[in-house]
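Here's the structure we're looking at; comments come further down.
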Amino acid sequence: MYGINNAYHEHGVVTFGRQELCTLLHEAGFTDTQTYLPLPDYKLPVSMVTPLGWHEHAEALGPLAVESAHKDKQVIAENVFSLEQGISNIWKNGLAADLSSSFLMICSQQPQDAITENVAAYHYSDSRLPQYCKEIQFTHLEKGKLTITPEGPSMEAGNTNPVHNIGGESQFYSGASLWSGLTYIVNRPDWLITEVGDWARGWVNELLLRADKVSGNLDKTLSLPATYQDALPFNMIRQDNGKVVYFDQEWIANEPISLGYIVFRGVFHSLLRITSFAATRFYHTNNLGRFTLDVLQSIGFNCDEQDLEAYLHQEARFMAFVQLKEEKQIYPVLRDVSCKFRAPSFASLRKEGEKAVENVAQLQETLDEAKALLVQKEARLQQLEQEQQAQAQILAQQAQLIERQNHDIAQLLGSASWKISSPLRVVGRRMPMSVRAPAKRIFIRCFYIGQSLKVKAGKVLRRGKAALSTRLAHSTTAQQLKHKSRNAARSLYYKVPERHKGRLLTLAMKVRPGWFLHHPAYQQQAYRENLATGNALQQPHAFFNREPDGHYHLAERPADYVYIPAAKPHYFNEIVAGFAHKPTFSIIVPIYNTPLDLLELMVNSVRNQWYPEWELILANDASPDPAITPALNAFDDPRIKVVQLEENRGIAGATNVAIDNATGEYIVFLDHDDELTDDCLFELVKCINAEDPDFIYSDEDKFTPEGHFSQPHFKPDWSPDTMMGTMFTCHVACVRLSVARQLGGLRSEFNGCQDWDFILRLTEITDKISHIPKVLYHWRIIPASVASDMTAKPYVLAASRAVRESALERRGLKGTVEELPNYPGYFRVNYAVSNEPLISIIIPTRDNHDVLARCIDSILTKSRYPHYEIVVVDNGSQKPETVAYLSHLASQPKIRMLRHDKPFNFSELNNRGVEVAQGSILLFLNDDTEVLQEDWLERMAGYAQLKHIGAVGAKLVYGDQQTLQHSGVLNLQNGPMHAYMRQHKDHPGYFLRNQIEYNWLAVTGACLMVERTKYEQINGFDETFPVAYNDVDLCMKLVENGFYNVMCQSVTLVHHESVSRGLDHMDAEKVARLHRELSHLYSKHPHYFQYDPFYNLNFAPNGYNFEIMQ
């Protein structure tokens, strides 16, 4: 659009029209020019029109230009008119040369003959296998006629493959192709699917006429000749006399073809060639396969989804043969291809708006009626609620009466008098009636006398008890007696058999419940009783959950992730006043067509910062949305700078302009639709005062369109190899301004991954990098954004590979950036081994003949890298078969034997093995491992040779070859533990931890590679760790000496664990030894006590599956 708008500036590139270009060339001395037109443009042309062609045959070659349009790789995001109709009109009116987007100019200072004499155009079909590519030459004949000459190799007919047939010279047919009628239909506003069906029905009748079939026969199973494979609408021309002729009949299929399939193929590819469709209110399906099925049904074919699947598969088989691919690669592309609909016109929008206004008025009337009815219903409901409340009060009173009666009855039935008088009632019921009445009177009298005596006796007893209690309270002897009684009762209780303790405790709680109010069993008993009566105890809600409206509530169960904003400290001003350094932050935001509501939210997140020393730089990257500039200018805050770019420079260019306008000491990158947390700058300034870094990154989460915080990324501390595997630092990113300018800002050639490239280059000039393990950034998920799906933007995938390849070249390293299997869009680096070093594989063993043999056989038979030796350290084997096997190994050329007949000490065995090893790279390997792949040694050695790498680990699986045994070692609260233990080996892990090469604090010694110089620098294995944690200690020493340990996830071995020495938790002695060695580990490395820099404190303290702390 720059050329049409003449939107150039003095420092940019300028393009010219043909007349301007010819004038400039003539002024430069090139008096003779020949103008060729490459189609669709000069970068990847599929056609070339000569000066003779566009001068003499413009209208005839117009269809060729239209045909080339859909081959343009630079897809237009939003079409506003029909590209096919526009190109056709341009060529019909002789404007092709003047309106062409590019030219091929052949210039000379002297007159020259045409280099393509009598040739009007060339057309190439190069999107196939080489043997099927062809060139078509359009030759000018006398009287202004054309002929075409196809050129290219031919294929012989096979048993199953289509026949490729390129003929010789053939006639050029002028006229309109049947396909042009379709372009006219679907480019009219509000077109109908039935109109497309009518167009296709006319083509089908021509097919049937050619095949001598009855017109109107719509039997989808009708067999057609194999020569009809290319009898498609765009290969059929209706001449001026009405006759239909076929051309470019290139393919003859050996696979049986039906009428249904050919009609599907013709409609599908005819629709596929149309770049955009006019807006219509009567059809909205954009899936091309479904669109084609609807057209077939409109024609009258009895087709369904199963037929569509069959036709797609048949077409995929045909295209797979032509392109030398597999059907399963082609089929998903055909199934998912879509068509583009243009936005409706303003007139139609106005009509829809007027209709919508009418609908709103009708809805308003309906709403008013509904509101009136609702008022009536609410009044009635209120009346019913009052009646219900009155009834509830009556029921409550009755329930109280019933409860009181039940209580009185229960007291009566449980009283001693009722139980004592029970025999008398039985006797009374059996007395004769003449005796019963006098006896009853006597009994009642005695009862009243007894009750009186009971009351008086109770008063006397209570007074005596009170006096005795007062006495005992002041008596030391009484207290001692009470204490001894309790101890005796407790001792007696403990001596009761376990099967009787529960009953005894239940009885005691019933007799004296006051003694057991705080006893756990009493609480459980009370809970069960309340549960039985329907009055279960209310358990406390222990977790906070967040609603989309921003409110929090207590819940019984935690959500997967809940973001809780930080509270501003009451003594905030005192904290800031105590900082020795109070830098200003320049917040860098490139703006391009930002939705205004998201723009406001982003700016407000900056305004809400606790720390006040900031400036916000908004670089408007020539947004075409006219609402952007007024919205930016409306921000009334002196700390907000708006920079208006005259031309679009892309995200990297706009970011660099914002950096050029920055005045702060540090810059903070912020995307135009994301948000900072309120405490973001405060946490950054705290880190700056504590560590003086050049680069700071924090944790982050994502913000869904529904208003939920999700997908928190709790990151490790700085991990250089993780950075080559994935852009893990991401947001928030804070960089010292002087360092950013030293780098020259961001590079536009890596747009899509420009920040990744920037950080990779930054970390090559500084190691002052800090990580804040707190969420300080909310990354908004928007459809078709990288936050939603990395593969949403294909150019990002290309850039993600390019940044790593650039880093390898810049660092002088050789390696290959490989696609990550099963994870499209992700890559890993396979470093090349330099100078063919000797790798010494050190294997301690004792009396494990079968196990050791399996290990060594797998090394010898599966290792592709030739420069290795095996050092077997025998820890005093006694079994005859093992001794014989070791003697046999000693005679092998690549194997060294060392006998070390002393008590088992894994560290000592490996150190002795190193002493006899000759390699510059050491690989410590358990004898119960088994190699699975040929390239394991070179992949691990490629990492081991990197200057910053300490130990290299491999993925280990159990004997089923599916279940993980080791994928890295985490230093958790309970001690070192293998991550993802017993998960499936293909489990992705937290942010692909189990697939990408992450840096770890430690890797297992069962398969550990390290360069000899680094091993000797840390004095090897510590022999005070004879059994456990010796590998963890080795890795910690490497990290303490400035190295990074890495997991080479592309290498997998089987670890038949526990075959060598058994499990350490099997008996008390081994458990005690583990505890001693763990205590020794942390006394030697106190910095790592319950701390792992490559974990994150937001994970559960013992979450070896990276569970988030709840």
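The values are calculated or read from the model by the stated rules, or taken from the named source; none is laboratory data. As the structure is a computational prediction, the values presented were derived from the model and not from experiment. Cβ sites come from the backbone with ideal geometry, for glycine too, and all protein chains shown count toward neighbours.
Go over the candidates 1084, 1014, 1037 one by one and state the one that is outside the structural domain of residue 719 (by TED's automatic domain parsing) and without any contact (Cβ under 8 Å) to a residue 60 or more places away in the chain. Let's see the steps before the verdict.
Numbers: 1084 fails: without any contact (Cβ under 8 Å) to a residue 60 or more places away in the chain; 1014 fails: without any contact (Cβ under 8 Å) to a residue 60 or more places away in the chain.
When all the criteria are applied, what remains is 1037.
Of everything in the range 308-342, what is part of a loop (DSSP other than H, G, I, E, B) and loosely packed, with under 12 Cβ neighbours inside 10 Å? Give them in sequence order.
From the range 308-342, those part of a loop (DSSP other than H, G, I, E, B) are 324-326, 337, 339-340, 342; that's our starting set.
Within the range 308-342, 324, 326 qualify.
Restricting to the range 654-674, what's the tally of residues that are closer than 18 Å to residue 709 by Cβ and in contact with a Phe, Trp or Tyr (Cβ under 7 Å, 6 or more places away or on another chain)? Explain how you work it out, then say what you get.
To start, the set of residues in the range 654-674 that are closer than 18 Å to residue 709 by Cβ comprises 670-671, 673-674.
Applying the additional criterion that residues be in contact with a Phe, Trp or Tyr (Cβ under 7 Å, 6 or more places away or on another chain) yields 674.
The number of residues fulfilling the criteria is 1.
Summed over the range 848-873, residues that are of a type in the set (D, E, K, R) and surrounded by 16 or more Cβ atoms within 10 Å (Cβ to Cβ) total 2.
Quick test for you: out of 892, 878, 961, 965, pick the one residue that is in the same structural domain as residue 1033 (by TED's automatic domain parsing), touching a Phe, Trp or Tyr at 6+ places or on another chain (Cβ under 8 Å) and polar (S, T, N, Q).
Numbers: 892 fails: touching a Phe, Trp or Tyr at 6+ places or on another chain (Cβ under 8 Å); 878 fails: touching a Phe, Trp or Tyr at 6+ places or on another chain (Cβ under 8 Å); 961 fails: touching a Phe, Trp or Tyr at 6+ places or on another chain (Cβ under 8 Å).
Just one listed residue meets the conditions, 965.
At least 2 residues being farther than 27 Å from residue 1086 by Cβ and not β-branched (Val, Ile, Thr) is the threshold, and among the strands (runs of 3 or more DSSP E) wholly inside the range 951-1042 those reaching it are 964-966, 1007-1011. In this entry, residue 329 passes the filter for residues that are among the polar types (S, T, N, Q), assigned by TED's automatic domain parsing to the domain that holds residue 260 and more than 30 Å from residue 192 (Cα to Cα). In the range 114-138, of all residues being of a type outside the set (D, E, K, R) and either over 23 Å from residue 40 (Cβ atoms) or in a loop (DSSP other than H, G, I, E, B) (or both), the one that is modelled with the highest pLDDT corresponds to 118. Within the set 989, 950, the sole residue that is in the same structural domain as residue 1032 (by TED's automatic domain parsing), more than 26 Å from the chain's Cα centre (by Cα) and farther than 18 Å from residue 1056 by Cβ turns out to be 950.
Restricting the range 361-389 to residues that are at pLDDT 85 or above and small (Gly, Ala, Ser) leaves a set whose member that is nearest to the chain's Cα centre (by Cα) is 370.
Inclusion of residue 60 among residues that are at pLDDT below 85, in a loop (DSSP other than H, G, I, E, B) and farther than 19 Å from residue 273 by Cβ is not warranted.
For the range 667-696, filtering for residues that are more than 20 Å from residue 563 (Cα to Cα) and touching a Lys or Arg at 6+ places or on another chain (Cβ under 6 Å) leaves 2.
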